[in-house]
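Let me begin by presenting the structure, written as structure tokens, before commenting on it.
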2 protein chains.
Amino acid sequence: MKRIAVLFIAVTTVASLVAFSAQASGSGDEAISPNSSPIYGVTVPPGYRDWQLIAVKQLDFGVMGEQLRAQLGNDIAIKAYKQGTLPFPDGAIIAALHWSRVSAEDNNKVLDGPFPGTQSFVAGSFVNVQFMVKDSKKYAATGGWGFADFKDGKPGDKALHETCFPCHIPAKDHDYVYTRYAPVN
Amino acid sequence: MKRIAVLFIAVTTVASLVAFSAQASGSGDEAISPNSSPIYGVTVPPGYRDWQLIAVKQLDFGVMGEQLRAQLGNDIAIKAYKQGTLPFPDGAIIAALHWSRVSAEDNNKVLDGPFPGTQSFVAGSFVNVQFMVKDSKKYAATGGWGFADFKDGKPGDKALHETCFPCHIPAKDHDYVYTRYAPVN
């Protein structure tokens with residue numbers, strides 16, 4: 001009987017701690033967790049850096065600098081791209097990795113011989129990463145997509161995330177996704 | 001006995017055909033196969049488009065145009081990059097995928113709102129793909145690397161491939177490889 005009482009106290013104590021922890025971290029409501037995006041509650045998918053390549057981009061923000069970018073997809077997203085499946089199926093996740101663009105002087109010295117005046121640029125410091133997560137029910141109000149923008153591992157604020165879906169509406173014909181699969185032959 | 005004779009004839013016929021085929025296609029000497037690179041005998045590794053991302057680059061060739069590029073690695077190469085292993089172990093293969101850089105007007109229209117004057121560029125047509133294959137014995141004379149440059153699935157000529165290793169000599173301190181692993185945080 002004594003053992004059962006101790007066990008009961010131990011279990012309720014742990015349960016209370018878990019409940020308190022859940023309340024404090026907001027894990028009962030993903031949208032207000034410090035590790036998930038506001039509005040959508042999207043967290044950083046483990047191992048996304050190892051996903052397959054969809055495409056590469058360059059963005060010149062003018063006075064705000066230049067970026068080199070890569071879009072990666074999880075297996076569901078890559079399969080959909082390869083098979084031309086639209087809309088993307090639930091579970092598809094697209095990651096957009098953004099780096100500052102830096103000049104590669106070492107490359108330029110070598111390339112200047114065969115290709116005079118060549119300017120080579122590589123990925124410098126990591127700026128941010130964005131995710132689009134497909135869940136047609138959970139995110140029905142935003143085309144079936146949940147959005148997230150992380151900088152230094154922390155999600156941006158609500159105001160930032162309010163801009164995600166409106167910017168993607170013009171791409172409605174491609175299930176709100178701008179990026180196309182970069183071809184090889 | 002009759003069956004054995006028929007079997008013998010069949011086997012020798014097949015062996016002769018295989019030998020002839022090998023001679024005709026040059027598969028006894030990879031360097032002169034129409035599907036492998038001159039000098040090095042490197043063929044296109046199956047499934048390389050699905051390899052993990054090492055980094056992204058942009059190259060401005062001036063009047064010769066602009067490119068967006070991605071470097072992908074097979075599992076051995078990626079593991080070496082992540083662990084900082086130098087020299088790269090035998091079996092490592094690095095693929096450099098080159099696309100023409102094209103303006104993305106759809107993106108610009110949307111981005112011009114929050115970021116006035118933004119210029120967005122994406123991967124257009126596929127230009128060529130290059131490979132570096134590590135085999136420290138087979139390619140001992142060229143830093144342990146075999147090189148290949150394919151355009152439309154066909155390897156470039158001998159003169160082109162004679163330029164590969166000399167261009168990589170300045171990167172000797174990084175095992176003749178220019179590309180570094182693009183970081184995330």
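The values are calculated or read from the model by the stated rules, or taken from the named source; none is laboratory data. Here the structure is a predicted model, which means the values were calculated and not measured. For neighbour counting, all protein chains shown are included, and Cβ atoms are generated from backbone atoms with ideal geometry for every residue, glycine included. Areas reflect the complete protein model, heavy atoms only, side chains present, ligands, DNA and RNA absent. Shrake-Rupley method; radii C 1.70, N 1.55, O 1.52, S 1.80 Å.
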Too long for a 28 Å Cα-Cα cut-off, among A:K172/B:K82; A:K138/B:K82; B:K134/B:K154; A:K79/B:K82; A:K57/A:K172, are A:K172/B:K82; A:K138/B:K82
For the stretch B:127-178 the translational diffusion coefficient, Stokes-Einstein from a Kirkwood Rh over Cα pairs at 37 °C and viscosity 0.692 mPa s, in µm²/s, is roughly 286
Asked for the total accessible area buried by B and A (1.4 Å probe, Å², nearest 100), one would answer 4000
The Cα radius of gyration of the stretch B:62-137, divided by 2.2 N^0.38 Å with N its residue count, comes to 1.55
Ordered by number, the residues of the stretch B:40-59 that have at least 40 Å² less accessible area in the complete protein assembly than on their own chain alone (1.4 Å probe) are B:R49, B:D50, B:Q52, B:L53, B:V56, B:K57, B:Q58, B:L59
The answer for trypsin sites (Lys or Arg not before Pro) in the stretch A:133-185 that fall in a DSSP coil and have at most 12 neighbouring Cβ atoms within 10 Å is A:K137
Reduced to Cα centres, the span from the stretch A:129-185 to the stretch B:98-152 in Å works out to 24
homo-copy label distances at B:K151 (7 angstrom along Cα-Cβ), nm, one dp, ascending, are 4.3
